Every structure is written in C-alpha cells, then in structure tokens.
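S.K.: Take a look at this one; I'll ask things after.
The values are calculated or read from the model by the stated rules, or taken from the named source; none is laboratory data. Predicted model only: the values in this text are computed from it and were never measured. Cβ placement follows ideal geometry from the backbone for every residue including glycine, while neighbour counts extend to all protein chains displayed. We work out accessible area using only protein heavy atoms, side chains counted, and drop any ligands, DNA or RNA first. Shrake-Rupley method; radii C 1.70, N 1.55, O 1.52, S 1.80 Å.
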Amino acid sequence: VGNAVELTNRLLEDGISFAEVSKSGINMTELVAQLILRGTSIVNGIEKMFATIEGSCSLILLHEDGLYAARDKKGSTPLVIGQRENSFAVSSESCAFPNLGFEPIKYMEPGEILLLTESGLIEKRAGNGEKQICSFLWIYSGFPASSYEGINVEVVRENSGRALAKRDHDIQVDFVAGVPDSGIAHAIGYSMESGKPYRRPLVKYTPGYGRSYIPPNQETRDFIATMKLIPIKEIIKGNRIVVCEDSIVRGTQLKNSTVRKLWKAGAKEIHVRPACPPLMFPCCFNLSTRKTYELVARRAIRSLEGKEVQDLSPYLDPSTSKYQQMVNWIARDIDVTTLRYQHLDDLVQAIGLPREKLCLYCWNGQCPKSKEKVLGGVNEASSSLRVLAANE
Ligand code: SF4
C-alpha cells in the first residue's frame, strides 16, 4: 500500500486506533481491515478499499457468511479456487491443492469478489477484465508446482531456458547449471534446447535453506547466500559452464556466492544467462526489497555516463551499443567470461500471455494501467506509486 501513511493519518484523525504498530509503521493487514470496515457491507468495504489504496492487495476474509476472496484490482497477485467434491478452497498458490485432493477450477479475475459457503461459490462482484499480473512470479518468485492463469511456473522456466539457448550460437561449453533453486528449471530448458548436459556444480546446503532475497538487510542476505551453496570441485574443475540465474539484482550475491566459488574450484569459463532482462526499476507495488541505486544495471549506467541519466531508453534496447556497453560493464563487475540477458520479447513468449496482460515494469518502466513510460533517473517505489495514481 503505497499511500499507507496518508491513509493511516486520515483514519487516526477520524478517531481510529491501531493495535499493531512497529518501527516500520502500521500493520498493512490491519490498515486494509480498517478500510473495509468503513463500507456498508463486506463487499462494499472491499470495493471502497480497492478504490482507496495505491498498490496491490488480494485477500481472503473469514466471516460468518463464509470465506470472502477478493483479487487485487489490477490482478498483479493471483488467487485460485480449488474444488474437492463439494468442498472449495482458495489460495494464492495452486500448489496447495494436489496433495489435499483439490483441483483448480477457477483463476479469479482482477477485482473479482467471491463468497465461498457450504452450498458453493457465490459471485459478489464480477472481475474488471484489466489484468496485468506480475511476470516475476513465473521467472523467480513463484513455486514451480504452481500455475497462475492456468500457466505452470516450471514449464515457463523451461521455455525461458530454451529461449536463452537459442540465442547462444557463439560459445562452446561442457555443461549447463542453474543457480539453486530458481535458476534450475531455466537451466534444464537450456540443456534440452542446446543438447548440453545438465549438471550440479553447486548444491544447496539443505533444500529448506532460506531464500536470500527475503531478509530486509544486506548483511543477512549475504550471509544466507554465502552459506547456502556448496561447490563440487570434481564437477567444476577444468570445465566451461553455462550458469542460468533467474535475475541479477545487485550482482553481489552472484559474484561472491556463485561465480567466485566456481573460479576457486577451477572453472575454465563461466557464461552467465539471466532469465530476464536487466532490472531497471524497483517493484512499483513494493513486492521487492531492491532500491534503484542498488541495481547493478543502474550502477553500470551511472559509471558509464558519470551521472544519473533521465532517458534510459537506449539501455532498454538490446540492439543498441549503449545496452551492450552496460552488459559488458556488468560482466566485468561480476567477473564472468560472458553475460547475455534474456530479451523481454522472449520472456513474454515463454509465459505465453499477451504482453498487455503482464506487468513488465521491472524491466521497461511501464506502469500497469498507464500508457506513459516512467523512464526517469532515480525512481523509487513510492514515487512510482504516485505516478501510477496520477495516471489513473
Ligand atoms: S513491478 Fe516487477 S515485481 Fe512488481 S508486479 Fe510488476 S513485474 Fe512484478
């Protein structure tokens, strides 16, 4: 909720108090609940909340009528309904269903509100048809066994890896590897397309080891990243390796926790293939912890230009020399033999939804629901949300 401070102040002025306040502010769930309570009914309250917040919110609400499920008005986050005989379930991840005997029967539409009762599903508000779902779900943040809009994550990652391999005609390698866990399916796709074997030069300490992007501070992120991957020298030594990675954010973890370990274990060449284009913007819905100035692509541009630039468009187009200079700078910075990013068109094709149904803001600065491009210099999440609100 990008305008949380403004909404909180408004509610406080109206005499509302909040039960949970931490140093990061008001609990967002409580804020959303207070906004819903200001409606004349649950459905009216959810509609009002959707109209008031600048950001993204899908929710499930337990009530004496049953379970209300409401998908975010822009559909950036998913909700799916499952059925097992006469029982219904709702989840953001369809992977919750198979082991409980549920089948997904409906991917909810943006803005849609459903009530799940003992007698079945009741539509309380139809969807608004303006879908722009987060594409990062398929590239990185989603679970492999989940499907969004009926499209499975693992299959998309394989498609993405195949697309990366199709553009690699000028390198000779011995095998393909994926950075565990989210790079693995991209690497399997690359291996299937290229005919090169898939191997594991780095294994995870335990399958449940934490995700290194979740902790809010860099020190904890770095510690998790350093500890979680263990190199296998017998596989690495003397080999030319393609390494598929979901994305490169700051570049520090890839450099320190993956590339350095591979060089140290005797790799001959390291060719890194991120499954998405260079990240240029922090998530406009605050779904990521990254800041503009931290992004390795922005650091590269700052270094090449000697200042922040307002017009980023040459750096978004893989056919320009500026784009190539930026990629070369990053390759030197993370210390790899070659670096080649996924093209945005290939990413869209790997997912298989029409481009206009996807949020691609991280890479092209195009705000969901907005025709304007936000290709400015420093563009933090909160200012992105202000631009989004202004365009609406
Ligand atoms: S800005 Fe990026 S992370 Fe945020 S919803 Fe869009 S694609 Fe997903």
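S.K.: For the structure I just gave you, tell me whether Val80 is in contact with a Phe, Trp or Tyr (Cβ under 7 Å, 6 or more places away or on another chain), crowded, with 23+ Cβ neighbours inside 10 Å and over 28 Å from Phe281 (Cα atoms). Before the answer, list the steps.
M.R.: Values: in contact with a Phe, Trp or Tyr (Cβ under 7 Å, 6 or more places away or on another chain): yes; crowded, with 23+ Cβ neighbours inside 10 Å: yes; over 28 Å from Phe281 (Cα atoms): yes.
When the stated conditions are applied, Val80 passes them.
S.K.: Out of (1) more than 22 Å from Cys284 (Cα to Cα); (2) open to solvent by 20 Å² or more (accessible area, probe 1.4 Å), what's the single condition that is false for Gly45?
M.R.: Of (1) more than 22 Å from Cys284 (Cα to Cα); (2) open to solvent by 20 Å² or more (accessible area, probe 1.4 Å), only one is false for Gly45: (2).
S.K.: Of all the residues that make up the stretch 118-165, how many are away from the ligand (no atom under 16 Å from the Cβ) and among the hydroxyl-bearing types (Ser, Thr, Tyr)?
M.R.: Initial filter on the stretch 118-165 (away from the ligand (no atom under 16 Å from the Cβ)): 118-129, 144-145, 147, 150, 152, 154-155, 158-159, 161-165.
Next, from what is left, pick out any that are among the hydroxyl-bearing types (Ser, Thr, Tyr): 119, 147.
Total satisfying the criteria: 2.
S.K.: Does the stretch 197-204 contain any residue that is more than 16 Å from Val272 (Cα to Cα), modelled with pLDDT under 95 and not assigned by TED's automatic domain parsing to the domain that holds Pro98?
M.R.: Taking every residue of the stretch 197-204 in turn, at least one turns out to be more than 16 Å from Val272 (Cα to Cα), modelled with pLDDT under 95 and not assigned by TED's automatic domain parsing to the domain that holds Pro98.
S.K.: Away from the ligand (no atom under 13 Å from the Cβ), over 17 Å from the mean Cα position of the chain (by Cα), crowded, with 24+ Cβ neighbours inside 10 Å and closer than 23 Å to Asp168 by Cα: which single residue out of Leu254, Leu316 fits that description? First the steps, then the outcome.
M.R.: Working: Leu316 fails: crowded, with 24+ Cβ neighbours inside 10 Å.
When all the criteria are applied, what remains is Leu254.
S.K.: When you check Ser160 against the structure, is it hydroxyl-bearing (Ser, Thr, Tyr), outside any helix (DSSP H, G or I) and open to solvent by less than 20 Å² (accessible area, probe 1.4 Å), yes or no? Quick ask: steps written out before the conclusion?
M.R.: Working: hydroxyl-bearing (Ser, Thr, Tyr): yes; outside any helix (DSSP H, G or I): no; open to solvent by less than 20 Å² (accessible area, probe 1.4 Å): yes.
Criteria not met by Ser160.
S.K.: Could you check Ile26 against (1) over 21 Å from Lys357 (Cα atoms); (2) modelled with pLDDT under 95; (3) surrounded by fewer than 20 Cβ atoms within 10 Å (Cβ to Cβ) and say which number it fails?
M.R.: (3)
S.K.: Go over the candidates Arg298, Arg290 one by one and state the one that is farther than 25 Å from Asn159 by Cα, basic (Lys, Arg), within 16 Å of the ligand (Cβ to nearest atom) and surrounded by 23 or more Cβ atoms within 10 Å (Cβ to Cβ).
M.R.: Working: Arg290 fails: surrounded by 23 or more Cβ atoms within 10 Å (Cβ to Cβ).
So the residue among Arg298, Arg290 that is farther than 25 Å from Asn159 by Cα, basic (Lys, Arg), within 16 Å of the ligand (Cβ to nearest atom) and surrounded by 23 or more Cβ atoms within 10 Å (Cβ to Cβ) is Arg298.
S.K.: Filter the stretch 220-251 down to the residues that are of a type outside the set (S, T, N, Q), closer than 20 Å to Lys196 by Cβ and more than 22 Å from the chain's Cα centre (by Cα) and list them by number.
M.R.: Kept after step one, since they are of a type outside the set (S, T, N, Q), are these residues of the stretch 220-251: 221-225, 227-238, 240-246, 248-251.
Next cut, closer than 20 Å to Lys196 by Cβ only: 231-232, 234-238, 240-246.
Those that are of a type outside the set (S, T, N, Q), closer than 20 Å to Lys196 by Cβ and more than 22 Å from the chain's Cα centre (by Cα): Pro231, Ile232, Glu234, Ile235, Ile236, Lys237, Gly238, Arg240, Ile241, Val242.
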